[in-house]
Amino acid sequence: MSTDSPGERIIALVMYPGMTILDLVGPLQVLTAMERFAPRYRTVVVGTQARPMGTDVSTAMVPDRTFAEVPHPYAIVVPGGRGATIRAMSDPKIRQYVRTAAASAVVVASVCTGSLILAAVGLLKGRQATTNWFFSSVLKRLGVPYHQRRWVEDGNVITSAGVSAGIDMALYLASRLTDEATARRVQAAIDYDPQPPFGGIDWAHVGVLPRLLRGAIRTVAPLLAAGPIRLRAADGATGGP
């Protein structure tokens, strides 16, 4: 049973089994902190059922609400993962929820390979986007131009790159929902001031093993994208190669 207050704006973070936990928890931390300064917003985690779900680490999580309880959120955020996300791209319940919730949402966002789910249901047609560096070939195969940036905003859709980029994206989303001053207060509240001990990633000199792995994913990208493309066409979703 929904307990939403009148005028409350719900931000729904989609959870599914095996997803990358920080893809969800990073934005969740930011957007929950935002509620202190903008109380009309409320962030909830939604899933097919309100039961424990495994993640990519040993910790399970439980959604606050089911998809049915939050059919039309004000904003929706779709996290990513590895094999779990590839499976989610073809999961009928996840596909239906993301597509229908996004239809009425003011903002649609994704973290990491969550953009593949958006693309799989036709939400990125004609848009620029980003995703996890390793899976850029799958995004392209789904008919979406890839940009190697921390986040990409195109209309009401904001996609972000891997894992920690979701925190950056969520802070930007906070500024879009409120204003920059509020987003800065959120950043200070969570003490977010990243300074990696070894600096940023030198993408021009990434090691051999990561490049080989990315190449392997590029090789199987047509296979990974084939099923979602067929489903997208069957759903009547627009776009695609």
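The values are calculated or read from the model by the stated rules, or taken from the named source; none is laboratory data. Remember, it's a predicted structure, so these values are computed and weren't measured experimentally. Using ideal geometry, Cβ is built from the backbone for each residue, glycine included, and neighbour counts are taken over all protein chains shown.
Considering only residues that are small (Gly, Ala, Ser), part of a helix (DSSP H, G or I) and crowded, with 19+ Cβ neighbours inside 10 Å, which ones fall in segment 80-128?
At the first step, the residues of segment 80-128 found to be small (Gly, Ala, Ser) are 80-81, 83-84, 88, 90, 101-105, 109-110, 114-115, 119-120, 122, 126.
From the residues that got through so far, the ones that are part of a helix (DSSP H, G or I) too are 83-84, 88, 101-104, 114-115, 119-120.
Selection gives 84, 88, 101, 102, 114, 115, 119, 120.
Return a yes/no flag: does segment 19-38 have any residue that is assigned to a loop (DSSP other than H, G, I, E, B) and either of a type in the set (Phe, Trp, Tyr) or modelled with pLDDT under 95 (or both). Give the derivation first.
Step one: of segment 19-38, the residues assigned to a loop (DSSP other than H, G, I, E, B) are 19-20, 38.
Those still in the list that are either of a type in the set (Phe, Trp, Tyr) or modelled with pLDDT under 95 (or both) too: none.
Looking for residues that are assigned to a loop (DSSP other than H, G, I, E, B) and either of a type in the set (Phe, Trp, Tyr) or modelled with pLDDT under 95 (or both), one finds none in segment 19-38, hence no.
Restricting attention to segment 158-182, report how many residues are touching a helix residue (DSSP H, G or I) at 6+ places or on another chain (Cβ under 8 Å) and over 21 Å from residue 78 (Cβ atoms).
Initial filter on segment 158-182 (touching a helix residue (DSSP H, G or I) at 6+ places or on another chain (Cβ under 8 Å)): 158-164, 166-167, 169-175, 177-178, 182.
This time we only want the ones that are over 21 Å from residue 78 (Cβ atoms), so: 178, 182.
Here the count works out to 2.
If I filter segment 129-145 down to residues being of a type outside the set (A, V, I, L, M, F, W, C) and either over 10 Å from residue 161 (Cβ atoms) or under 14 Å from the mean Cα position of the chain (by Cα) (or both), which single residue comes out as surrounded by the fewest Cβ atoms within 10 Å (Cβ to Cβ)?
We begin by selecting, within segment 129-145, every residue of a type outside the set (A, V, I, L, M, F, W, C); these are 130-132, 136-137, 140-141, 143, 145.
Among the residues that remain, those that are also either over 10 Å from residue 161 (Cβ atoms) or under 14 Å from the mean Cα position of the chain (by Cα) (or both) are: 130-132, 137, 140-141, 143, 145.
Values: 130: 26, 131: 34, 132: 27, 137: 20, 140: 18, 141: 23, 143: 17, 145: 14.
Only one residue tops the list, namely 145.
Among the residues of segment 157-168, is any among the polar types (S, T, N, Q), buried (at least 20 other Cβ atoms within 10 Å of the Cβ), under 16 Å from the mean Cα position of the chain (by Cα) and not in a helix (DSSP H, G or I)? Write out each step before concluding.
Within segment 157-168, the subset among the polar types (S, T, N, Q) is 159-160, 164.
This time we only want the ones that are buried (at least 20 other Cβ atoms within 10 Å of the Cβ), so: 159-160.
Retained after the next criterion (residues that are under 16 Å from the mean Cα position of the chain (by Cα)): 159-160.
Among the residues that remain, those that are also not in a helix (DSSP H, G or I) are: 159-160.
Looking for residues that are among the polar types (S, T, N, Q), buried (at least 20 other Cβ atoms within 10 Å of the Cβ), under 16 Å from the mean Cα position of the chain (by Cα) and not in a helix (DSSP H, G or I), one finds at least one in segment 157-168, hence yes.
Mind checking which residues of segment 188-208 are part of a helix (DSSP H, G or I) and at pLDDT 95 or above? Write out each step before concluding.
First, pick out the residues of segment 188-208 that are part of a helix (DSSP H, G or I): 188-189, 203-205, 208.
Residues satisfying the conditions are 188, 189, 208.
Please work out which one of (1) without any contact (Cβ under 8 Å) to a residue 24 or more places away in the chain; (2) under 22 Å from residue 155 (Cβ atoms) is the condition residue 99 fails and give its number.
Looking at each condition in turn, residue 99 falls short on (1).
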